[in-house]
Amino acid sequence: MNFALYRELLAIRPIRRLLLVGMVARIPHSAAGVLLTLHIVLTLGQGYAAAGAAAAVMTIGIAVGAPWRGRRVDTVGLRRALIPSVISETVIWSVVPHVSYEVLLPLVFVGGLLTLPIFSVVRQSLGVLATGEQRRTAFALDAISTELVFMIGPAAGALVATAGFSVLGLTIVGIATSVSGLFLMWFNPPTRSAESVLGSDAESEAAYVASQQAAAGAAVVAAAPAHVQDAATEFAPLAGAEDRRRERSGLRQKVIHNFAWFTSAVAAVFAVAAGAGMVLSGTDVGIVAALETGGHQAEIGLVFLFWCAASVVGGVIYGAMHRPISPILLLLGMSALTIPMAFAQDTWTLSLLSLLPGLLCAPVLSAASEKVAELVEERRRGEAMGWYGSALTGGVALGAPLAGVFIDGIGPSTGFVAVGAGGVVLCLLGLGLQHRRRRRLAGV
């Protein structure tokens with residue numbers, strides 16, 4: 001382990017500033033989850049399944065919008081891409097706390113669709129500013145700063161909501177997030193390296209289309225009977241039909257070209273991200289439900305402090321390591337260690353039991369982000385990070401209502417068992433598929 005890597009990395013001013021801006025920008029939304037959950041349960045009088053469903057609707061919106069926003073960052077630049085988010089955050093979250101549950105659902109979907117893409121932007125920019133071994137440390141630092149944020153945000157959100165000010169709290173979340181977006185636009189961190197910017201998307205797209213047209217013509221000539229000179233006479237009368245076929249083929253090839261980065265290895269990382277989102281969101285809801293059911297809402301922040309502090313320690317250790325660890329193995333450990341949280345009897349035992357899964361939280365996210373940056377070329381990395389974010393939030397969309405259904409139906413402790421067991425099953429399936437693929441390749 002080389003802890004000097006942290007000192008070297010923080011000595012780089014753009015990286016230091018990016019991490020600071022990213023950390024501050026994440027605070028409002030880190031409080032939003034707990035605020036929204038307790039607003040629905042305490043203010044609107046709904047159950048935890050309803051609160052989980054609202055969280056799912058919001059995260060589905062995030063999952064749908066993330067790839068589009070990532071592509072916008074790649075094509076029009078960060079500042080123009082953030083304008084819709086900066087406007088919508090204040091508008092949506094100023095209205096959400098004043099409406100009924102039925103109206104709240106479509107609003108939080110739109111809010112998720114246009115949410116400020118702070119996570120993907122920061123990680124995409126870190127992928128540009130840091131290279132080689134520095135990149136693992138940079139992603140670990142980002143995960144650590146995120147955990148520090150989640151020590152502050154959820155605790156503050158719980159205090160505000162239990163004091164009866166959830167309406168004010170949700171409004172402040174929207175305004176503060178918009179202000180954070182303006183700071184991010186002002187800072188404008190790089191999302192493409194200088195070498196990548198030199199070859200513009202328009203030029204590469206034009207070259208690609210030209211090559212596809214040439215290949216289409218060559219394919220027709222090559223497929224013609226007899227000799228090439230005979231093919232020319234057949235090519236002319238069929239030009240109209242061939243042009244139509246070429247257009248269809250060109251569109252199909254363009255789609256394939258645009259998603260050429262989406263390999264089986266990238267898909268596996270996205271599956272890990274989805275599993276991590278499921279386990280983390282289910283644990284989040286489980287902690288809130290366990291303490292709220294026992295009348296200890298004011299102590300929610302204490303459990304989050306232990307959970308996130310453990311993640312910080314795990315992130316520091318992982319970032320100082322010389323060799324990466326497979327994200328799927330880290331997720332397997334985190335999922336299995338989440339299940340014992342169901343046996344907690346009070347706030348202190350719940351806090352202590354959260355330490356072990358917490359240790360693996362930041363490493364899972366760091367390892368997965370590092371893997372995406374390693375597997376996807378820079379010019380497509382913004383879109384890939386957007387899809388990575390969609391996978392993560394898709395898991396969140398599954399984990400929150402899954403835990404909520406078990407909590408409402410059986411009891412608070414079963415939320416931890418449901419998401420932990422789900423994560424273990426996902427990892428075992430993934431490892432089985434990896435083993436099968438290796439055996440097949442070895443046989444070839």
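The values are calculated or read from the model by the stated rules, or taken from the named source; none is laboratory data. If you're wondering where the values come from, they're calculated on a predicted model, not measured in any experiment. Positions of Cβ are backbone-derived with ideal geometry, glycine not excepted, and every protein chain shown enters the neighbour counts.
A few remarks follow.
- Look at segment 333-352: where a residue is in the same structural domain as Leu428 (by TED's automatic domain parsing) and free of Cβ contacts under 8 Å to residues at least 60 places away in the same chain and a partner is assigned to a loop (DSSP other than H, G, I, E, B) and surrounded by fewer than 19 Cβ atoms within 10 Å (Cβ to Cβ), sitting 6+ places away or on another chain with Cβ atoms under 7 Å, you get Thr347/His296.
- Any hit, segment 271-279, residues being modelled with pLDDT of 85 or more, more than 18 Å from Ala55 (Cα to Cα) and of a type in the set (A, V, I, L, M, F, W, C): yes
- Residue count for segment 38-74, restricted to those that are among the hydroxyl-bearing types (Ser, Thr, Tyr) and either closer than 14 Å to Phe109 by Cα or within 20 Å of the chain's Cα centre (by Cα) (or both): 1
- Unique residue being part of a helix (DSSP H, G or I) and surrounded by 24 or more Cβ atoms within 10 Å (Cβ to Cβ) when the list is Gly394, Gly333, Gly422, Gly404: Gly404
Yes/no matrix, rows are residues, columns are (1) part of a helix (DSSP H, G or I); (2) out of contact with any Pro (no Cβ under 6 Å at 6 or more places or on another chain); (3) at pLDDT below 85:
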| site | (1), (2), (3) |
| --- | --- |
| Arg135 | yes, yes, yes |
| Leu148 | yes, yes, yes |
| Thr171 | yes, yes, no |
| Thr177 | yes, no, no |
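- Condition check for His322: assigned by TED's automatic domain parsing to the domain that holds Leu428 and closer than 25 Å to Ala138 by Cα: yes
- Boolean, Val266 is under 18 Å from Arg136 (Cα atoms), β-branched (Val, Ile, Thr) and assigned by TED's automatic domain parsing to the domain that holds Leu375: yes
- Total residues in segment 1-28 satisfying the condition of being within 27 Å of Pro154 (Cβ to Cβ) and either crowded, with 22+ Cβ neighbours inside 10 Å or of a type in the set (A, V, I, L, M) (or both): the figure is 13.
- Residue list for segment 144-185, filter: surrounded by fewer than 24 Cβ atoms within 10 Å (Cβ to Cβ), over 17 Å from the mean Cα position of the chain (by Cα) and within 17 Å of Gly301 (Cα to Cα): Leu148, Met151, Ile152, Ala155, Ala156, Leu159, Val160, Thr162, Ala163, Gly164, Phe165
- When Leu141, Leu104, Leu114 are screened for being closer than 28 Å to Leu302 by Cα, among the hydrophobic types (A, V, I, L, M, F, W, C) and crowded, with 18+ Cβ neighbours inside 10 Å, only Leu141 passes.
- The set of residues in segment 306-325 being of a type outside the set (A, V, I, L, M, F, W, C) and either part of a helix (DSSP H, G or I) or surrounded by 24 or more Cβ atoms within 10 Å (Cβ to Cβ) (or both) consists of Ser311, Gly314, Gly315, Tyr318, Gly319.
- Identity of the residue in segment 117-133, β-branched (Val, Ile, Thr) and assigned to a helix (DSSP H, G or I), that ends up surrounded by the fewest Cβ atoms within 10 Å (Cβ to Cβ): Val128
- Some residue of segment 93-102 being outside any loop (DSSP other than H, G, I, E, B), closer than 27 Å to Val34 by Cα and without any contact (Cβ under 8 Å) to a residue 40 or more places away in the chain: yes
- Flag if Gly358 is crowded, with 23+ Cβ neighbours inside 10 Å, at pLDDT 90 or above and under 27 Å from Leu10 (Cβ atoms): yes
- Failed item in (1) closer than 24 Å to Gly404 by Cβ; (2) at pLDDT 90 or above, with His296 passing the rest: (2)
- Condition check for Val303: surrounded by fewer than 18 Cβ atoms within 10 Å (Cβ to Cβ), at pLDDT 85 or above and under 20 Å from Ser351 (Cβ atoms): no
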